[in-house]
Amino acid sequence: MTTFVATSKTPYINVFPDHRLNPINRLIYSGFTEHMGRCIYGGIFDPDNPNKELINEDGFRLDVIEALKPLKIPVFRYPGGNFCATYHWQDGVGPRDQRPAFPELAWGTVETNHFGTDEFMKWCKAVSAEPYLCLNFGTGTLDEALAWVDYCNGTKNTKYANMRRANGHEEPYKVKYWALGNEMWGDWQVSQLTAEAYAERALQWAKALKLLDPNLVLVLCGAEGAHSWDFKVLKHCIRPAGKDDLGEYRKPLIDMHSIHLYTASYDHYENVVGPLTAERNIEIAKGLIDIPFYESKIPASQPRPLICFDEWNVWMPSRAVGSAGGEENYTLSDALAVGVWLNIFVRKSADVGMANIAQSVNVLSPLMTSKQGITKQTTWYVYELFCKYMKGYLIATHVGCEEYTGKTKVEYCRATRRTPYLDVSACYDEEEGVVNIAVVNMHLDNDYEVKLGGIKGKAQVLEVNGDDVKVTNMGGEQKVGITEKEVDVDESYKFPKHSFSLLRYKA
Ligand code: AHR
């Protein structure tokens, strides 16, 4: 638990390393690769790049793999996003020269199908991550979904398992995570559904999918977490998968509930406090899950479904238009907003089973490619520090500091959430014996001299900062990166204005 009080006196951060709350599931650092803009084509897959030293024999970008792999990103979601609503997976397997091209309706392009399931599985292996596939709830059928699961996971002598073998992949891919559609509530979605219609379809598909493979982890399509859509679909779908032959209720049909949110503003403070809405939405969604879970006949021994925050990031669609490829030019302010986003997932790690930054390459991404190489955007460095260090156990933390009381966008920051200038999460990494404290100082002008309680002595500080909050790394010059220093935290530490700091203290 991270608690906060507003005070105009000396700010403080007290951490309680012995008060371990819950293990932090590293799945909160997962990624997302969609057939959108240059994420797949020109991002992770670039066979026509004239700089042959940048690609391997599969056409995968080596510099992208080299950048992503050390982050140990656990899971990548694929193939969308909105793209899923008209995607037919069978068009993307088999000999490449025989794969059909189709008009793509989500982003208005032509999908060549040159990259598909088998390529994605191979790419996941190259970055040591697990795949998470999203089913087509738009123009797709249940038969097609069952066939995809059998293609990926089938071990028997069946049509689709044999199709995979014939395509040169003897071993099953053992894909565990499957989403029951994407944003089916949105009016931009091909075959948009009402909550009632979606819930009934999701329930019937989930039943069949679990009959085929009871070990699948199925993700229900939610909205923003605090919406009547979330309430209705959870109420209908959180239930056991019928009874077994002995009359015992089976496991829940639904294992996770997906929610999405993007935040952004040209105003720095609105930009950095915007993500705090997600914290409130997680709390609300957790309650919406609890009601049907406790009312259902799901055996008490079964785990409560968790939240899958499978799209989050800083994104202003009017600035980075989706159909134009959704390429954001992230500022230092955006990097600090990403720090707040990730602090939230750490603070809420008991309730969030997975979170996926949207997206992992080129589209709304911390990592950009050109034909010549890659650029790490401002947001990359904060994401990197979380992926590498914010693991182990969430620990109790109490923060006292000034509160931002200015303008917020109502839709992004509801009144129920406090907005301290110092946004904090802390963890204890048992493996390394290190307490990690992640601190965003949002203030544009104030360096905060902060009294630290619970840690004493030498600490390492990894800081992400820049000359001002508008700087970006996309102009050919790296203006934001990580600086490292060793400090004595016996009394206090000064957190510089508009910075992200990771304090690492050997306990
Ligand atoms: O990540 C970009 C798009 O945003 C996704 O395709 C969609 O699910 C969301 O609206």
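Observations
- Screening residue 216 on (1) buried (at least 19 other Cβ atoms within 10 Å of the Cβ); (2) in contact with a Leu (Cβ under 8 Å, 6 or more places away or on another chain); (3) farther than 22 Å from residue 194 by Cα; (4) modelled with pLDDT of 95 or more shows it passes everything except condition (1).
- Pair list, Cβ < 8 Å and 6+ apart or interchain, from region 264-283 residues that are farther than 17 Å from residue 420 by Cβ to residues that are part of a helix (DSSP H, G or I) and not acidic (Asp, Glu): 264/271; 264/337; 265/271; 282/344
- Pairing residues of region 454-476 that are at negative phi with residues that are part of a loop (DSSP other than H, G, I, E, B) and of a type in the set (Gly, Ala, Ser), at Cβ distances under 8 Å and at least 6 apart in sequence or on separate chains, gives 455/507.
- Close pairs (7 angstrom Cβ cut-off, 6 or more residues apart or separate chains): farther than 30 Å from residue 335 by Cβ and touching a residue at least 12 places away in the same chain (Cβ under 8 Å) in region 291-318, away from the ligand (no atom under 16 Å from the Cβ) and of a type in the set (S, T, N, Q) anywhere: none
- Count of region 105-119 residues which are within 16 Å of the ligand (Cβ to nearest atom), buried (at least 21 other Cβ atoms within 10 Å of the Cβ) and not in a loop (DSSP other than H, G, I, E, B): 1
- In the condition set (1) in a loop (DSSP other than H, G, I, E, B); (2) more than 16 Å from the ligand (Cβ to nearest atom); (3) closer than 24 Å to residue 326 by Cα; (4) touching a residue at least 12 places away in the same chain (Cβ under 8 Å), residue 63 is compliant with all but (1).
- Within region 357-370, residues that are over 22 Å from residue 346 (Cα atoms) and touching a residue at least 40 places away in the same chain (Cβ under 8 Å) sit with their Cβ atoms under 9 Å from residues that are near the ligand (Cβ under 10 Å from one of its atoms) and not in a loop (DSSP other than H, G, I, E, B), at 6+ positions apart or across chains, in these pairs: 363/32; 363/322.
- Picking from residues in region 66-104 that are in a loop (DSSP other than H, G, I, E, B) and under 22 Å from the mean Cα position of the chain (by Cα), the one that is farthest from the ligand (Cβ to nearest atom) is 72.
- Note on region 147-183: residues that are within 16 Å of the ligand (Cβ to nearest atom) and part of a loop (DSSP other than H, G, I, E, B) total 4.
- Every pair of residues 6+ apart whose Cβ atoms lie under 8 Å, when the first sits in region 83-99 and is free of Cβ contacts under 8 Å to residues at least 24 places away in the same chain while the second is part of a helix (DSSP H, G or I) and away from the ligand (no atom under 16 Å from the Cβ): 99/91; 99/92
- Condition met for residue 470 (at pLDDT 95 or above, more than 23 Å from residue 5 (Cβ to Cβ) and assigned to a loop (DSSP other than H, G, I, E, B)): yes
- Listed conditions (1) touching a Gly at 6+ places or on another chain (Cβ under 9 Å); (2) within 16 Å of the ligand (Cβ to nearest atom) are all met by residue 186, apart from (1).
- Count of residues meeting criterion [surrounded by 19 or more Cβ atoms within 10 Å (Cβ to Cβ) and closer than 20 Å to residue 161 by Cβ] in region 122-135: 4
- The single residue among 246, 253 that is surrounded by 23 or more Cβ atoms within 10 Å (Cβ to Cβ), hydrophobic (A, V, I, L, M, F, W, C) and farther than 25 Å from residue 337 by Cα turns out to be 253.
- Among the residues making up region 229-240, those that are within 25 Å of the chain's Cα centre (by Cα) and over 20 Å from residue 262 (Cβ atoms) are 231, 232, 233, 234, 235, 237, 238.
- Where strands (runs of 3 or more DSSP E) sit wholly within region 304-413, those with at least 3 residues that are more than 16 Å from the ligand (Cβ to nearest atom) and not small (Gly, Ala, Ser) occupy 374-376, 393-401.
- Number of residues in region 189-233 that are over 21 Å from residue 79 (Cβ atoms), more than 16 Å from the ligand (Cβ to nearest atom), of a type outside the set (A, V, I, L, M, F, W, C) and not in a loop (DSSP other than H, G, I, E, B): the value is 7.
- Residues of region 2-58 that turn out to be surrounded by fewer than 21 Cβ atoms within 10 Å (Cβ to Cβ), in a loop (DSSP other than H, G, I, E, B) and not small (Gly, Ala, Ser), as a count: 13
- Restricting region 482-500 to residues that are among the polar types (S, T, N, Q) and under 16 Å from residue 447 (Cα atoms), the residue that is surrounded by the most Cβ atoms within 10 Å (Cβ to Cβ) is 499.
The values are calculated or read from the model by the stated rules, or taken from the named source; none is laboratory data. Since the structure is predicted, the reported quantities are computational estimates derived from the model, not experimental observations. Here Cβ is always computed from backbone atoms with ideal geometry, including for glycine, and neighbour counts include all displayed protein chains.
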